Amino acid sequence: MAKATVFIDGESGTTGLGIRERLGALPDIAVKSLPAERRRDPAARRDIMAEVDLIVLCLPDDAAKESAAMAASLGNAAPKVLDASTAHRVDPDWTYGFAEMLPGQADRIAQAKRVANPGCYPTGGIGLIRPLVDAGLLPADYPLTINAVSGYSGGGKAMIQAHETTHGPAFELYALSLVHKHIPETQLYGGLSRRPIFVPSVGHYRQGMLVSIPLHLDALPGKPTGADLHAALEARYAGCDLVRVLPPPANGKLEPEALNDTDRLELYVAANETHRQAVLVARLDNLGKGASGAAVQNIALMLGLHTGVGRREAVDA
């Protein structure tokens, strides 16, 4: 049986390298590449697109749009496309590649010709928010604040170089203009009608991420308990192999690097019923479930390979 073929357009970046490494471990997929001197040659890129089953776009947004248009121009010979950039994440003509977001989402990804890979921060935020909105526990117009910290590998080549050569700051907040490219997809797929406040930060460590959302329980409809929020998350992700809803740690601490080099997503509800407050927390590897791991999960679904990955068991049938 012939292997499925994949071309990574922009394979030299952090996400592209991570995808290539992961695909190398899958026996049913062959990765095709262009020589370094031809990677900017439009004719060479178009020719290789016509030869493969799927292309992955690991490019800046404008370049990703150009590459997607080039692939579409092939007509019946056009490959499937997975875009790892921000360019198409809220485009209604593209399927959002968070396989566990909704029942049936993995099947929608499997059937799609064009899929937008989620951002790392939104994976944690949407993973926490959407089940609670759907369950009626969190109003769509609730004034949410989302706080997050990531390792510096999520910031691209310049940030990686700064931290690995001059060590960079121990910790810094950024996007204090309250504008960040991940907000639109978080709002849309979180099911929110009110734009959330998003406060990202970077620590001086390579990878690993925590996304946290504080809540006043008495400000929510029906004044739910922390156990109610936990149960809603458990109900949404029952049967998912990569997403786990866990009890909060007994010592009251969570560190961001525990899931490094995995493709898992962990969700927590830490609540204080005396003070009627809670904090929702998502933990993931920003290079795993937050980027390359999610991409390879989507590639497998789109190519009809390893179809158990990211799907739900019979509990959600």
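The values are calculated or read from the model by the stated rules, or taken from the named source; none is laboratory data. Everything numeric in this text was worked out from a predicted model, so none of it was measured. Backbone-built Cβ (ideal geometry, glycine too); neighbour counts: all protein chains shown. When the accessible area is computed, the model is the full protein with side chains, heavy atoms only, and any ligands, DNA or RNA have been set aside. Shrake-Rupley method; radii C 1.70, N 1.55, O 1.52, S 1.80 Å.
Under the rule of -39500 (n - 2.57) per DSSP H run of 4 or more residues, summed and divided by the residues of the chain, what mean residue ellipticity at 222 nm is obtained, to the nearest 500 deg cm²/dmol?
Calculated from helices alone, the mean residue ellipticity at 222 nm is -9000 deg cm²/dmol.
How much area per residue is accessible in the stretch 61-134 when the probe is 1.4 Å and only protein heavy atoms are counted (Å²)?
Details: 2490 Å² over 74 residues.
Accessible area per residue: 34 Å².
Sum up the lysine pairs in the chain that clear both bars: alpha-carbon distance under 20 Å and a spacing of 8 or more or different chains.
For the chain, the number of qualifying lysine pairs is 12.
Using a 1.4 angstrom probe, figure out how much accessible area the stretch 196-259 has per residue, in square angstrom, rounded to the nearest whole.
Here the residues of the stretch 196-259 average 44 Å² of exposed surface.
Which of the helices in the chain, when you take each full DSSP H run, stretch at least 18 Å along the axis at their Cα atoms and have an average Kyte-Doolittle score of -0.5 or higher? Show your work: numbers first, answer last.
Numbers: long enough: 120-134 (22 Å, 0.59).
The qualifying helices are 120-134.
Please give the peptides 207-213, 175-181, 2-8, 153-159 ranked by average Cβ packing (other Cβ atoms within 10 Å per residue), highest first, as a rough proxy for protection.
The peptides rank, most packed first, as 207-213, 2-8, 153-159, 175-181.
Give, rounded to the nearest 20 debye, the magnitude of the charge dipole that the chain has about its Cα centre when Lys and Arg contribute +1 at Cβ and Asp and Glu contribute -1 at Cβ.
Charge dipole, the chain, about its Cα centre: 220 debye, nearest 20.
Suppose all protein chains stay in the model; what accessible area per residue would a 1.4 Å probe give for the stretch 136-191, in Å²?
Working: 2870 Å² over 56 residues.
So the stretch 136-191 comes to 51 Å² accessible per residue, rounded to a whole number.
Tell me the carbon and sulfur percent of the accessible area for the chain, rounded to whole percent, probe radius 1.4 Å.
53
With unit charges on the beta carbon (Lys/Arg positive, Asp/Glu negative), name the residue among HIS275, GLY288, PRO118 whose Cα is farthest towards the positive pole of the charge dipole of the chain.
Looking along the dipole axis, the top candidate is PRO118.
Find how many whole Å separate the alpha carbon centroid of the stretch 221-236 from the alpha carbon centroid of the stretch 1-32.
First find each Cα centre; the distance between them is then 39 Å.
Sort the following peptides by mean Cβ neighbour count (other Cβ atoms within 10 Å, averaged over residues), highest first: 110-119, 286-295.
By packing density, highest mean first, the sequence is 286-295, 110-119.
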